[in-house]
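**Q** Below is the structure I would like to discuss, written out as structure tokens.
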Amino acid sequence: MTSDLNKLAPHLWLVAKQDSEHIASLTGQSVRGRKITITEDPKLHLVWFYDRVFIKPLPEYLLSHAFWEHYLVSAHSPIKEPTRKELAEAARGFLRSYAHLVQHKSDFVLATEEKTRLIPEGIAFPDFIDFIVRCKVSDELVSPRYQFGELRLTRLNFWVKIFLFKAHYHKVEWQYGAYFARFYAPILFVFAMFSLLLSAMQVILAVETIVTSDNSWLTFAKVSRGFSVFTMFFIVCVIAFLLLTLTALFARELIYALNDLYRKRPPRGGKDDRENTGC
């Protein structure tokens, strides 16, 4: 169960592409330079953070027909509604994610390595593929979280503060030094920019007395003043360029997300007639 992500689901279009198939295979994760990190926390499944992606191993009981029949499908299940329905949707979504993670024999080899062991032992590749392709169900049969694919942890940590009023989705810095270290680079950049601006201003003020008098250093003073003015203009242009680039990148992602949101929204008054299948 991923209760926080289900609550955040109406706003996840700000975090990730609105496509449940937006999941790279295990080999695709390696190509992107991400290290597969095992987690037993379902809320971290398919969440990525810089050079690593968290993946929850496939529990053996989810491969058991008897388990599904007794607990998640049967009307006589000891798990009462609506919990049973929510668990079934989460289980379908979790299984469906493996249909995208394991698409080739090379993915299966990575998933069955001892250091990762994402898939239980004793399962042959043809048998697993024959089973997992049947789990490609429609979005209506999975929980809201699994209607999205991979999620970026940095964005989750940002938006969870706004929509769920939590300090973070998942804490990544456990020491004060690591927490404040991420602010060093931007602070140093701002400090360097202001230092250059102040130095340029001081040069301009210092040469004013030389420029207005008859002095042998007059030419050098004028050159110094001109270069100082150019330095100030250059710094302003750099800052403006960085701000415009950041704004353009954010606007591009926002426009793409809004277009995707509008495209996936069902027509007003219409019904979604996609066929529902079960796994």
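**Q** Can we say LYS56 is modelled with pLDDT of 95 or more, among the basic types (Lys, Arg) and assigned by TED's automatic domain parsing to the domain that holds ASP107?
**A** So LYS56 passes the test.
**Q** Okay, next question. Here are the criteria: (1) farther than 26 Å from SER30 by Cα; (2) outside any loop (DSSP other than H, G, I, E, B); (3) more than 23 Å from the chain's Cα centre (by Cα). Tell me which single one LYS80 does not satisfy.
**A** Here LYS80 clears every test but (2).
**Q** Same structure, new question: What are the residues in the stretch 159-175 that are at pLDDT below 90 and not β-branched (Val, Ile, Thr), if any?
**A** Within the stretch 159-175, ALA167, HIS168, LYS171, GLU173, TRP174, GLN175 meet the criteria.
**Q** Let me ask another. So which pairs qualify, if the first residue must be in the stretch 142-158 and free of Cβ contacts under 8 Å to residues at least 60 places away in the same chain and in the same structural domain as PHE54 (by TED's automatic domain parsing), the second must be part of a loop (DSSP other than H, G, I, E, B) and surrounded by 17 or more Cβ atoms within 10 Å (Cβ to Cβ), the Cβ gap must be under 8 Å, and the two must be at least 6 apart or on different chains?
**A** ASN157/TYR169
**Q** Is there a residue in the stretch 225-242 that is modelled with pLDDT under 75, surrounded by 10 or more Cβ atoms within 10 Å (Cβ to Cβ) and either basic (Lys, Arg) or in a helix (DSSP H, G or I) (or both)?
**A** The initial filter retains those residues of the stretch 225-242 that are modelled with pLDDT under 75, namely 225.
Going one step further and asking which of them are surrounded by 10 or more Cβ atoms within 10 Å (Cβ to Cβ), we end up with 225.
Okay, now just the ones that are also either basic (Lys, Arg) or in a helix (DSSP H, G or I) (or both), so 225.
Yes, some residue in the stretch 225-242 is modelled with pLDDT under 75, surrounded by 10 or more Cβ atoms within 10 Å (Cβ to Cβ) and either basic (Lys, Arg) or in a helix (DSSP H, G or I) (or both).
**Q** Quick check on LEU156: is it closer than 30 Å to ARG96 by Cα, at pLDDT 80 or above and within 20 Å of the chain's Cα centre (by Cα)?
**A** Working: closer than 30 Å to ARG96 by Cα: yes; at pLDDT 80 or above: yes; within 20 Å of the chain's Cα centre (by Cα): yes.
Considered against the rule, which asks whether it is closer than 30 Å to ARG96 by Cα, at pLDDT 80 or above and within 20 Å of the chain's Cα centre (by Cα), LEU156 comes out as yes.
**Q** Pick from the stretch 33-50 the residues that are part of a loop (DSSP other than H, G, I, E, B) and within 19 Å of LYS17 (Cα to Cα): which of them is modelled with the lowest pLDDT?
**A** Filtering the stretch 33-50 down to residues part of a loop (DSSP other than H, G, I, E, B) leaves 33-34, 39-41, 45-46, 50.
So of that shortlist, the ones also within 19 Å of LYS17 (Cα to Cα) come out as 34, 45-46, 50.
Working: ARG34: 95, HIS45: 97, LEU46: 97, TYR50: 89.
This residue is TYR50.
**Q** Okay, moving on. For the stretch 25-37, which residues satisfy the criterion of being surrounded by fewer than 17 Cβ atoms within 10 Å (Cβ to Cβ) and touching a Phe, Trp or Tyr at 6+ places or on another chain (Cβ under 8 Å)?
**A** Matches in the stretch 25-37: THR37 only.
**Q** If a residue must be farther than 26 Å from TYR50 by Cβ, assigned to a helix (DSSP H, G or I) and charged (D, E, K, R), how many such residues does the stretch 104-160 contain?
**A** Adding up the residues that qualify gives 6.
**Q** Please determine, by comparing only the residues of the stretch 110-132 that are of a type in the set (A, V, I, L, M, F, W, C) and under 26 Å from the mean Cα position of the chain (by Cα), which one is farthest from LEU63 (Cα to Cα). Steps first, answer last, please.
**A** Within the stretch 110-132, the subset of a type in the set (A, V, I, L, M, F, W, C) is 110-111, 118-119, 123-125, 128-129, 131-132.
Remaining after also requiring under 26 Å from the mean Cα position of the chain (by Cα): 110-111, 118-119, 132.
On the way: LEU110: 19, ALA111: 15, LEU118: 13, ILE119: 10, ILE132: 10 Å.
If we take residues in the stretch 110-132 being of a type in the set (A, V, I, L, M, F, W, C) and under 26 Å from the mean Cα position of the chain (by Cα), then LEU110 is farthest from LEU63 (Cα to Cα).
**Q** Which of the following residues is touching a Phe, Trp or Tyr at 6+ places or on another chain (Cβ under 6 Å), within 22 Å of LEU141 (Cα to Cα) and not charged (D, E, K, R): TYR61, TYR71, TYR98? Can you show your working first?
**A** On the way: TYR71 fails: touching a Phe, Trp or Tyr at 6+ places or on another chain (Cβ under 6 Å); TYR98 fails: touching a Phe, Trp or Tyr at 6+ places or on another chain (Cβ under 6 Å).
The unique qualifying residue is TYR61.
**Q** If you don't mind, there's one more thing I want to ask. Evaluate the following for SER97: is it in a helix (DSSP H, G or I), surrounded by 16 or more Cβ atoms within 10 Å (Cβ to Cβ) and not basic (Lys, Arg)?
**A** Yes.
**Q** So which of GLU173, GLU114 is surrounded by fewer than 20 Cβ atoms within 10 Å (Cβ to Cβ), under 23 Å from SER30 (Cα atoms) and out of contact with any strand residue (DSSP E or B) (no Cβ under 9 Å at 6 or more places or on another chain)? Working first, answer last.
**A** Values: GLU173 fails: under 23 Å from SER30 (Cα atoms).
So the residue among GLU173, GLU114 that is surrounded by fewer than 20 Cβ atoms within 10 Å (Cβ to Cβ), under 23 Å from SER30 (Cα atoms) and out of contact with any strand residue (DSSP E or B) (no Cβ under 9 Å at 6 or more places or on another chain) is GLU114.
**Q** Something else: Those residues that are hydroxyl-bearing (Ser, Thr, Tyr) and surrounded by fewer than 17 Cβ atoms within 10 Å (Cβ to Cβ), I need them from the stretch 1-24; list them, please.
**A** First, the residues of the stretch 1-24 that are hydroxyl-bearing (Ser, Thr, Tyr): 2-3, 20.
Residue satisfying the conditions is SER3 alone.
**Q** Would the stretch 176-186 turn up any residue that is modelled with pLDDT under 75 and among the basic types (Lys, Arg)?
**A** yes
The values are calculated or read from the model by the stated rules, or taken from the named source; none is laboratory data. Bear in mind the structure is a predicted one, so any value in this text is a computation, not a measurement. Cβ coordinates were reconstructed from backbone atoms using ideal geometry, including for glycine residues, and neighbour counts include every protein chain displayed.
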